[in-house]
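Below is one structure; the comments refer to it alone.
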Protein chains: 2
Amino acid sequence: MANVVFKAVAEAKEGLATKVVSRDFEITLDEPADLGGTDTGMNPVEALLGSLAACKSIVVRAFVKKYRINLKSIRVEVEGDLDPEGFQGINKEAKIGFSEIRSHFYIEADNSEEEIERYIEFVERNCPVQDTLTKVAKITHTING
Amino acid sequence: MANVVFKAVAEAKEGLATKVVSRDFEITLDEPADLGGTDTGMNPVEALLGSLAACKSIVVRAFVKKYRINLKSIRVEVEGDLDPEGFQGINKEAKIGFSEIRSHFYIEADNSEEEIERYIEFVERNCPVQDTLTKVAKITHTING
């Protein structure tokens, strides 16, 4: 067991725009106008789906040799259902976050359908972002002045 | 109940680099060299933490009027513990994703400590990304040629 600590920082910009920094990298997240933002970047729930899609795409590519997959191309599309009336406080019955997340793998490989299906089952189990979404981590917070 | 479908697509680039597209926005995710990538962007688990940090920062700013918080500044730092030996297949006992996620709110506001604490408790409950990490969504996938 050798835990690595990963880290990201959100710095507030104008309106709801947010600069996200991790190591030397920076992205801008925001909200569209109908959710109160100025639409200068994808929003956090879209970035969450993007991190999931990218994670699966990376796992697909990273293990092809081990699983003898002759990969030609991979694209991963992820959709999620979310009712904004939940976090907006309009509907107390609505879930705050995503109620359903669907991943669509568009994969071309010189392998049988069964080999590809088995490989994608492995990818689904072995994706760190998906694991974080399905096996709840310990979550804590601190407040600092 | 009015579900909105949010979407993101991961397109494979060179090595493990990945272009993530959502609506008109695009970010590049990758892996550092020690995880097999070419380090052209933050990696998916860092982007996941970044989406969480940004989501909390946005919820902090979006509800200040309703909760009478006189906000002066907000920065949110998020750390997560992950053992790469899990997804690398080296240690079968290791969790694949994050085992613990810690959020640190750096907040300045003209309010009492109690008011700020109560407000952050609300933010912790009302953040769509955090809700997705703590209340598991239905997860499905399809495979397409």
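Just so you know, all these numbers are worked out from the coordinates, no wet-lab data involved. Note that the structure is predicted; figures quoted are calculated from it, not measured. A quick note on method: Cβ atoms are made from the backbone with ideal geometry, for glycine too, and the neighbour counts reach across all protein chains shown.
Observations on the model:
- For chain B, the longest site-free run once GluC sites (Glu not before Pro) in DSSP loop states with at most 16 other Cβ atoms within 10 Å are removed: B:15-92
- Sparse packing (at most 15 other Cβ atoms within 10 Å of the Cβ) combined with a DSSP loop state is found for the following chymotrypsin sites (Phe, Trp or Tyr not before Pro) in the stretch A:59-145: A:67.
- Within the listed set B:13, B:135, B:56, the residue fluctuating most in the Gaussian network model of chain B (springs between alpha-carbon atoms under 10 angstrom) is B:135.
- Teacher prompt: residue A:36 distances to equivalent labels in other copies, 7 Å Cα→Cβ, nm: 4.1
- Of the residues B:71, B:29, B:48, the one that moves most in a GNM of chain B with alpha-carbon contacts below 10 Å is B:71.
- Sorted from shortest to longest, the distances between the residue B:88 label points of this copy and the other copies are 4.6 nm, with each point 7 Å from Cα along the line through the beta carbon.
- Scaling the Cα radius of gyration of the protein assembly as shown by the globular reference 2.2 N^0.38 Å produces a ratio of 0.98.
- Helical runs (DSSP H, four residues minimum) scored at -39500 (n - 2.57) apiece and divided by the length of chain B put the mean residue ellipticity at 222 nm at -9000 deg cm²/dmol.
- Taking the C-alpha atoms of the stretch B:1-69, convex hull volume expressed per residue in Å³: 125 Å³
- Count Lys and Arg as plus one, Asp and Glu as minus one, and take only other residues whose Cβ is under 13 Å from that of residue A:31; the net charge is then -2.
- Relative to the current alpha-carbon distance between residue B:142 and residue B:65, full extension at 0.36 nm per residue lengthens the span by 23.4 nm.
- Neighbourhood charge, 12 Å Cβ-Cβ cut-off, centred on residue A:133 and excluding it, Lys, Arg +1 and Asp, Glu -1: 0
- Closest Cβ on chain A to the rotation axis that carries it onto B (distance rounded to whole Å): A:27, 2
- Principal semi-axes in Å for chain B [√(5λ), Cα gyration tensor, largest first]: 32, 19, 16
- For chain B, the relative contact order works out to 15 percent when only alpha carbon pairs closer than 8 Å and six or more residues apart are counted.
- Shortest-first distances to equivalent copies, position residue B:65, nm, label 7 Å out along Cβ: 5.7
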